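Here the structure comes first, spelled out in structure tokens, and everything after it is commentary.
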Amino acid sequence: MSSRAEVNLERTHKFLWSKREWTGIPIMSANMDAVGTPAMHSVLSKHKLITCPARHYLGKDTEKFTESGHNICWFGGIEDISNLSKVSTDFIGLDVANGYTIRFVDAVKKLREKCPETTIAAGNVVTADMTQELILAGADIVKVGIGPGSVCTTRIKTGIGYPQLSAVIECADAAHGLDAHIIADGGCVNSGDIVKAFAGGADFVMIGGMLAGHDECEGTAENGVMKFYGMASKFAMEKHNYHNGYRGAEGKTVEVTYRGKVEDTIKDILSGIRSACTYVGADKLKTLSKSTTFVRVNNTHNTVYGD
Ligand code: 5GP
């Protein structure tokens with residue numbers, strides 16, 4: 001390929017159960033307070049990326065995310081099934097910290113029964129067996145990741161987690177065998193990580209921290225930094241009254257550098273992915289995973305957003 005401008009980052013996905021099709025750039029903002037905002041949606045949708053609104057908009061402020069509901073994926077918990085089934089949108093999803101319960105599988109079945117023609121995502125899980133189970137229960141897309149998030153403390157607090165790239169590779173194989181899809185959720189700190197998720201077989205990549213610290217985020221910058229917190233952090237639990245008596249915080253609050261307009265960051269991310277495609281000779285995102293392989297190395301990793 002002679003130029004990165006020739007690379008097509010759009011994908012068309014056809015979904016197993018809903019039978020719907022979606023075309024766009026398969027990167028989504030995490031359904032977190034900071035980045036799941038209407039202002040973020042305005043910019044992301046212009047670039048054909050997906051926004052997952054923060055949960056507190058579900059049920060009361062859904063109209064803030066524009067009329068069409070296009071390039072939106074509404075996520076909620078098991079208790080949100082009724083609200084989720086009422087929104088008019090491309091995608092709906094159920095996400096819980098631990099997708100390994102019978103109650104959760106039953107919830108996915110219930111949502112599928114209520115919404116036979118809507119594309120449904122469900123997670124989070126990290127293994128092939130549970131990916132298959134959620135698909136057979138009615139999920140078109142499985143959300144993959146336990147412990148990799150930038151403001152997640154699950155691995156530290158509980159010792160539970162799974163290396164994200166391995167999870168993506170294994171769950172993508174399982175899902176693709178059934179003609180279903182996966183979202184690689186969490187752990188990307190720069191565009192190269194998004195490339196690796198796609199190369200490992202992810203059909204969508206969800207990012208939180210990479211979109212934090214911009215004008216379109218919740219909150220304002222003070223002294224050059226903005227607040228970014230996990231949805232299971234003490235701060236989020238107090239803000240939304242999520243306390244349930246026995247569950248400790250499995251998320252933290254951090255300060256991220258203020259970076260101005262998210263448009264610039266998005267262009268930078270897309271240009272990194274385009275460049276990766278030119279390195280490996282993929283003229284479109286679809287062929288990236290076929291054009292790449294992984295080599296095991298021992299290395300340490302620096303968590304630095306942007307440059
Ligand atoms: P990031 O892109 O920032 O690395 O990861 C974003 C993902 O982290 C979210 O989509 C979600 O799956 C996860 N996440 C967000 N808040 C929390 C939290 O408080 N605790 C945990 N364990 N995970 C979180």
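Among 280, 190, 84, which residue has its Cα furthest toward the positive end of the charge dipole of the chain, with +1 on Lys/Arg Cβ and -1 on Asp/Glu Cβ?
280
What relative contact order, as a whole-number percentage, does region 116-250 give when Cα pairs under 8 Å and 6 or more residues apart are counted?
After rounding, I find 20 percent.
Classify region 157-247 as rounded, prolate or oblate from the Cα gyration tensor: take a ≥ b ≥ c as the square roots of its eigenvalues, call it rounded if a/c is under 1.5, otherwise prolate when a/b beats b/c and oblate if not.
Oblate shape, in that a/c is at least 1.5 and b/c is the bigger or equal ratio.
Return the percentage of antiparallel bridges among DSSP beta bridges fully within the chain, rounded to the nearest 5 %.
Numbers: 11 of 39 bridges.
Within the chain, antiparallel bridges account for around 30 percent of the total.
If you plug each phi of region 221-232 into the Karplus form 6.51 cos²θ - 1.76 cosθ + 1.60 with θ = phi - 60°, what whole-Hz ³J(HN,Hα) values come out, in order, with x for Gly and Pro?
7, 9, 6, x, 10, 10, 7, 9, 9, x, 6, 10
I want to check a number: in region 40-129, how many lysine pairs have alpha carbons closer than 17 Å, given a sequence separation of 8 or more or different chains?
Taking the Cα cut-off of 17 Å, the pair count is 6.
Treating only the Cβ of Lys, Arg, Asp and Glu as charged (+1, +1, -1, -1), what charge dipole size does the chain show about its Cα centre? Round to the nearest 20 debye.
Taking the Cα centre of the chain as origin, the dipole is about 240 debye.
Enumerate the calculated ³J(HN,Hα) couplings along region 145-151 in order (Karplus 6.51 cos²θ - 1.76 cosθ + 1.60, θ = phi - 60°), each rounded to whole Hz, writing x wherever the residue is Gly or Pro.
Working through the residues one at a time gives x, 10, x, x, x, 5, 10 Hz.
Give me the percent relative contact order of the chain, please, defined on Cα pairs under 8 angstrom at least 6 residues apart.
Answer for the chain is 19 percent.
Rounded, prolate or oblate, given the Cα gyration tensor of region 21-138, with a/c below 1.5 counting as rounded? Kindly include the intermediate steps, with their values, before the conclusion.
Working: a/c = 1.74, a/b = 1.58, b/c = 1.11.
Taking the square roots of the gyration eigenvalues as a ≥ b ≥ c, region 21-138 is prolate.
Using a 10 Å cut-off on Cβ atoms, rank the peptides 82-93, 166-177 from the highest mean neighbour count down.
Details: 82-93: 19.2, 166-177: 21.5.
So the peptides 82-93, 166-177, ranked by packing, come out 166-177, 82-93.
Sequence gap at least 6, Cα distance under 8 Å: using those rules, report the relative contact order of region 1-101 to the nearest whole percent.
RCO, region 1-101: 18 percent.
Taking the Cα-to-Cβ direction at residue 136 and at residue 257 and moving 7 Å from each Cα, how far apart do the two end points lie in nm?
4.8
In region 205-228, whose amide N lies under 18 Å from the spot 7 Å out along Cα-to-Cβ of residue 238? List them in ranges.
Those under the cut-off are 219-220, 227-228.
If a/c stays under 1.5 just call it rounded; otherwise compare a/b with b/c (prolate if a/b is bigger, oblate if not). Do that for the chain, with a ≥ b ≥ c from the square roots of the Cα gyration tensor eigenvalues.
Because its axes are fairly even, with a/c under 1.5, the chain counts as rounded.
State to the nearest 20 debye the size of the charge dipole of region 143-203 about its Cα centre, where the only charges are +1 on K and R beta carbons and -1 on D and E beta carbons.
Values: 4 positive and 6 negative charges, 68 e Å.
I would put it at about 320 debye.
No lab work stands behind these numbers, since they all come straight from the coordinates. Treat the numbers as computed from the prediction; the structure is a model and nothing was measured. Note that each Cβ is placed from the backbone with ideal geometry, even for glycine, and that neighbours are counted across all protein chains shown.
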